[in-house]
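J.: Quick one: this structure, given as C-alpha cells, is what I'll be asking you about.
The values are calculated or read from the model by the stated rules, or taken from the named source; none is laboratory data. Nothing here was measured: the structure is a model prediction, and the numbers come from that model. Don't worry about glycine lacking a Cβ; one is built from the backbone with ideal geometry, like all the others, and counts go over all protein chains shown.
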Amino acid sequence: MKARSISDTSLSAGTIKARCIVEPSRRITGEILFTSQPIAFLQGVDPEIGMVSDKKHELYGKAFSGKILVFPNAVGSSVGAYVIYRLAKNHVGPKAMINQNSDIITASGCAISRIPLFDLPDSDIGGLREMKRVELLKTGTIRSLEGNEK
Amino acid sequence: MYLTKSEEKAVSGEHGRALELAYRVLLAIGRLSNAEKLIPIKWAHVSGVSYLTIGDYGLDFLRGISKEKNAKFRVFTTVNPCGMDIENWDCLDIPADYAEKQLRIINAYEKLGIASSFTCIPFESYKVPVRGTHVSWAESSAAIYANSILDLRTNRESAVSALASALTGKTVYSELHIDENRKPTIAIKVNLGRVFKGSLDFGILGYFAGKRTKGVVQFRGIPSTNSIDESKALCAALGTVGSTGMFTVGNSSNLETIDFSKKDYEEIFDNISDSETGEAVVFGCPQMTIEELYRLSKAVRGKKFKRKCIVFCSSKIYELAKSRGYAEAIEHSGAVFVRDSCADFTPLISSLNVDSVTTDSVKGAHYMKSVHGVKVALKNVESIVEENTS
C-alpha cells in the first residue's frame, strides 16, 4: 500500500482525507449516522430490520438504511462479517461505513457486501458528528455538504 | 497494495463473482494492514463450519458462493469441526432442522472442495509442508500451532479471510508472514516450584499469557520437549483469551519478563474451575490426537465410566484409533465418540442436560461456560479417569 497523505486532513475546510478500505464505485452522498460506541454485529444488530438491537447502544432503534454509518470499529465474533452481508442482501444496510480504525470483521463484511468502507487512522471520527450530510469520493475524500446538496 | 494484472482483473469481476468477492476481501484486509502485496499459499484452513456459530447468515453466503461459476478452492483446504457427528447425529439428540442446515453448510464446502476430515488440529492428519511455507489458517489454536511449533507462516485468519485464501490460493503479505515480525517482544518465565507437565498445566499457562501479553511471546522454564498434546493445549488457551498468533520457547535476554508463579497458576485455576465435580466428562478440545487416544485407552482399560463421557476427535483419527484397537477400548469403558465435531460449538453439551462438566481443557472450559452455561471442573486426565470410573 502506498503511503497516505495526511497533509490535507482539515476539518475546518469541511473535508477529511480518509483511508479507503473498500472503495465506492461512484460518488456517494448521504446522511451521517454517528456513534462513538463500537458495534457488535453478531449479537448487537438485527440484519432483518437493519438496526442495532442492543438496547444499551446509543444507536438502538435507528435505521441504517440509506445512511453513512460512522462508528469506531466492530467488536465480537468474526461471524459479524456475515451479518453485514445479510444487511446488504436485505437492502437494509447503510450506504457506506466509516470507522476510526477499521478491523477484519467490518473490512471483510463490507468487502463481500460491496458496502464502501473508509477509516480515519490519522484523524478523529468525532469530527464527523457535526457533519449532517457528506459525500464520499473514490479517492477517499469525505466532504461535508452542510445542507447545500440539492 | 500492488496487484498483478490477473489479480486486478479478478477484482473487477472478470474471473467470476466468487473470485471477485474473494479478492475484494484480500484487498480490504491488505489495506487495513498496509500490506504491499498478496503471496501464494500452500494450505488454507477455514473456520466457520458449525451452524451454531455461522447461523443462517453464513449458510446463506456459503451456499451463494458455492453455486457461482469458477468457485472452487484452489489450494489444499481443510475445515474446522462442524456442529455434529455427521454419521451419527440422530443418536445424539440433535434437532432435525439444525442437522439439515448443518448438512447444507457441509454440502457447500464440499462443492468447493475440502479434505475429508472436519478438524481443529489439521496438522495431525495431513502432511505438513516444509518449514517457512506460507499458509492461511483460521482457528486461532491451529494458527498459533502452525507458527510456533511447525514453523509455518500464517496470520490468525477469520472465517471469511481464510475462505478468500482458499478460493484464490493467496493471502495478504503482512504481520507474521514477514520474518522480522516473528521475534518475541515479551517473555514469561515459568516458576511453579514443581514439574511443569500435562495439558492442564500448559493450558493454564496459555491462558495467563493470553491475558497478560500482546505480540509474540517467549516462554522460559518449560520443557523444550513438549508433547503435541501439551503444545496444543497451550496454543488453544492462548488463542482463546489472547490476540497473539505466535510464541517461542527459549531464553533470549533483553526482553521484558513476566513471572508465572504458583500463585498466578492457582488464581487462574480457581477462576476457571468453578465446580468440584462434573455430571459429565468431556475430552477433546481441541480434538484428541492419536497419542491422547492411546493413553486414554490404556487408562480406562478394565474400567467403566460412572458418568457420561464424550470424546471429540476427527473421523480420520477415529478410524486410525479403531484400526489400532484404541477406539474399542475407549468405547468399552462406556465413553462415546463424537466425530468431526467440537465440544464448544455444538448443541450437544446443552442437550446433555447437565449443570456441570469435567474436562482437562482450559479452552473447552472457557467456551462451555460461556456458550452452554455449565459449570466446569478442571482436572488433569489422570484424575478425571480416576474419579469418574469404577
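J.: For A:Ser102, are the conditions met, namely being in contact with a strand residue (DSSP E or B) (Cβ under 9 Å, 6 or more places away or on another chain), at the interface with chain B (Cβ under 7 Å from one of its Cβ atoms) and among the small types (Gly, Ala, Ser)? First the steps, then the outcome.
T.: Working: in contact with a strand residue (DSSP E or B) (Cβ under 9 Å, 6 or more places away or on another chain): yes; at the interface with chain B (Cβ under 7 Å from one of its Cβ atoms): yes; among the small types (Gly, Ala, Ser): yes.
It is true that A:Ser102 is in contact with a strand residue (DSSP E or B) (Cβ under 9 Å, 6 or more places away or on another chain), at the interface with chain B (Cβ under 7 Å from one of its Cβ atoms) and among the small types (Gly, Ala, Ser).
J.: With the checklist (1) modelled with pLDDT of 95 or more; (2) buried (at least 24 other Cβ atoms within 10 Å of the Cβ); (3) part of a loop (DSSP other than H, G, I, E, B) in hand, flag the one item B:Leu150 doesn't pass.
T.: (2)
J.: Further, regarding this structure: Being over 28 Å from A:Val75 (Cα atoms) and in contact with a Pro (Cβ under 7 Å, 6 or more places away or on another chain) narrows it down to one residue among B:Ile114, B:Ile149, B:Ile94, B:Ile121; which is it?
T.: B:Ile94
J.: Another question, if that's okay. Of the conditions (1) assigned to a loop (DSSP other than H, G, I, E, B); (2) farther than 25 Å from B:Val135 by Cα; (3) touching a Phe, Trp or Tyr at 6+ places or on another chain (Cβ under 8 Å), B:Leu293 satisfies every one except a single condition; which number is it?
T.: For B:Leu293, the failing item is (1).
J.: Also, I was wondering about something else. Select from segment A:81-98 the residues that are surrounded by 24 or more Cβ atoms within 10 Å (Cβ to Cβ) and of a type in the set (Gly, Ala, Ser) and write down the one among them that is farthest from the other protein chains (Cβ to nearest Cβ).
T.: Result: A:Gly93.
J.: So, one more: Quick one: which of B:Glu291, B:Glu267 is more than 30 Å from B:Phe337 (Cβ to Cβ) and surrounded by fewer than 22 Cβ atoms within 10 Å (Cβ to Cβ)? Break it down into steps so the answer makes sense when it comes.
T.: Numbers: B:Glu291 fails: more than 30 Å from B:Phe337 (Cβ to Cβ).
Result of the check over B:Glu291, B:Glu267: B:Glu267.
J.: Restricted to segment B:1-26, and to residues that are hydrophobic (A, V, I, L, M, F, W, C) and in contact with a strand residue (DSSP E or B) (Cβ under 8 Å, 6 or more places away or on another chain), which residue is nearest to the other protein chains (Cβ to nearest Cβ)?
T.: Filtering first and then ranking leaves B:Met1.
J.: So B:Val46 clears everything in (1) within 15 Å of A:Val79 (Cβ to Cβ); (2) more than 14 Å from every other protein chain (Cβ to nearest Cβ); (3) among the aliphatic types (A, V, I, L, M) except one condition, right? Which one?
T.: (2)
J.: Return a yes/no flag: does segment A:26-39 have any residue that is modelled with pLDDT of 95 or more, in contact with an Asp or Glu (Cβ under 6 Å, 6 or more places away or on another chain), within 14 Å of chain B (Cβ to nearest Cβ) and part of a strand (DSSP E or B).
T.: no
J.: Can I ask one more? If you go through segment B:49-74, how many residues are of a type in the set (Gly, Ala, Ser), touching a helix residue (DSSP H, G or I) at 6+ places or on another chain (Cβ under 6 Å) and within 12 Å of another protein chain (Cβ to nearest Cβ)?
T.: Going through segment B:49-74 one residue at a time, the tally reaches 1.
J.: Just give me the residues in segment B:209-248 being surrounded by fewer than 19 Cβ atoms within 10 Å (Cβ to Cβ), in contact (Cβ under 8 Å) with a residue 40 or more places away in the chain and β-branched (Val, Ile, Thr), in sequence order.
T.: B:Ile228, B:Val241, B:Thr248, listed by residue number.
J.: Let me ask something additional. Determine if segment B:126-140 includes at least one residue that is basic (Lys, Arg), closer than 28 Å to B:Ser243 by Cα and in contact (Cβ under 8 Å) with a residue 12 or more places away in the chain.
T.: yes
J.: For segment B:75-95, what are the residues that are within 14 Å of chain A (Cβ to nearest Cβ) and either at pLDDT 95 or above or more than 15 Å from B:Phe312 (Cβ to Cβ) (or both)?
T.: B:Asn80
J.: State yes or no: is B:Tyr109 surrounded by fewer than 20 Cβ atoms within 10 Å (Cβ to Cβ) and either in the same structural domain as B:Arg339 (by TED's automatic domain parsing) or modelled with pLDDT of 95 or more (or both)?
T.: No; evaluated as a whole, the condition is false for this residue.
J.: Any residue that is in the same structural domain as B:Ala237 (by TED's automatic domain parsing), among the aromatic types (Phe, Trp, Tyr) and crowded, with 24+ Cβ neighbours inside 10 Å - is there at least one of those in segment B:194-206?
T.: Taking every residue of segment B:194-206 in turn, at least one turns out to be in the same structural domain as B:Ala237 (by TED's automatic domain parsing), among the aromatic types (Phe, Trp, Tyr) and crowded, with 24+ Cβ neighbours inside 10 Å.
J.: Just need a number here: residues in segment B:91-125 that are touching a helix residue (DSSP H, G or I) at 6+ places or on another chain (Cβ under 8 Å) and touching a residue at least 60 places away in the same chain (Cβ under 8 Å).
T.: Selection size over segment B:91-125: 14.
J.: Looking at the structure I just gave you, is A:Ser65 surrounded by 15 or more Cβ atoms within 10 Å (Cβ to Cβ), in contact with a Gly (Cβ under 7 Å, 6 or more places away or on another chain), over 20 Å from B:Leu21 (Cα atoms) and modelled with pLDDT under 95?
T.: no
J.: Now, a different point. Within segment B:208-225, identify whether any single residue is aliphatic (A, V, I, L, M), modelled with pLDDT under 95 and out of contact with any strand residue (DSSP E or B) (no Cβ under 9 Å at 6 or more places or on another chain), and answer yes or no.
T.: No, the conditions are met nowhere in segment B:208-225.
J.: State yes or no: is A:Gln43 out of contact with any Ser or Thr (no Cβ under 6 Å at 6 or more places or on another chain) and modelled with pLDDT under 95?
T.: Answer is yes for this residue.
J.: Sticking with this one: Tell me which helices (runs of 4 or more DSSP H) are completely within segment B:310-370 and hold 2 or more residues being in contact with a strand residue (DSSP E or B) (Cβ under 8 Å, 6 or more places away or on another chain), over 17 Å from B:Leu200 (Cβ atoms) and in the same structural domain as B:Val241 (by TED's automatic domain parsing), or say none if there are none.
T.: Of the helices (runs of 4 or more DSSP H) lying wholly inside segment B:310-370, none has at least 2 residues that are in contact with a strand residue (DSSP E or B) (Cβ under 8 Å, 6 or more places away or on another chain), over 17 Å from B:Leu200 (Cβ atoms) and in the same structural domain as B:Val241 (by TED's automatic domain parsing).
J.: Also: How many residues does segment B:1-35 hold that are charged (D, E, K, R) and either surrounded by 15 or more Cβ atoms within 10 Å (Cβ to Cβ) or in contact with a Cys (Cβ under 7 Å, 6 or more places away or on another chain) (or both)? Walk me through it before giving the result.
T.: Kept after step one, since they are charged (D, E, K, R), are these residues of segment B:1-35: B:5, B:7-9, B:14, B:17, B:20, B:24, B:31.
So of that shortlist, the ones also either surrounded by 15 or more Cβ atoms within 10 Å (Cβ to Cβ) or in contact with a Cys (Cβ under 7 Å, 6 or more places away or on another chain) (or both) come out as B:7, B:9, B:17, B:20, B:24, B:31.
Residues in segment B:1-35 being charged (D, E, K, R) and either surrounded by 15 or more Cβ atoms within 10 Å (Cβ to Cβ) or in contact with a Cys (Cβ under 7 Å, 6 or more places away or on another chain) (or both): 6 in total.
J.: Then there's this: Residues of segment A:106-137 being away from chain B (no Cβ under 14 Å), within 16 Å of A:Glu23 (Cβ to Cβ) and not hydrophobic (A, V, I, L, M, F, W, C), which ones?
T.: A:Glu135, the sole residue that qualifies.
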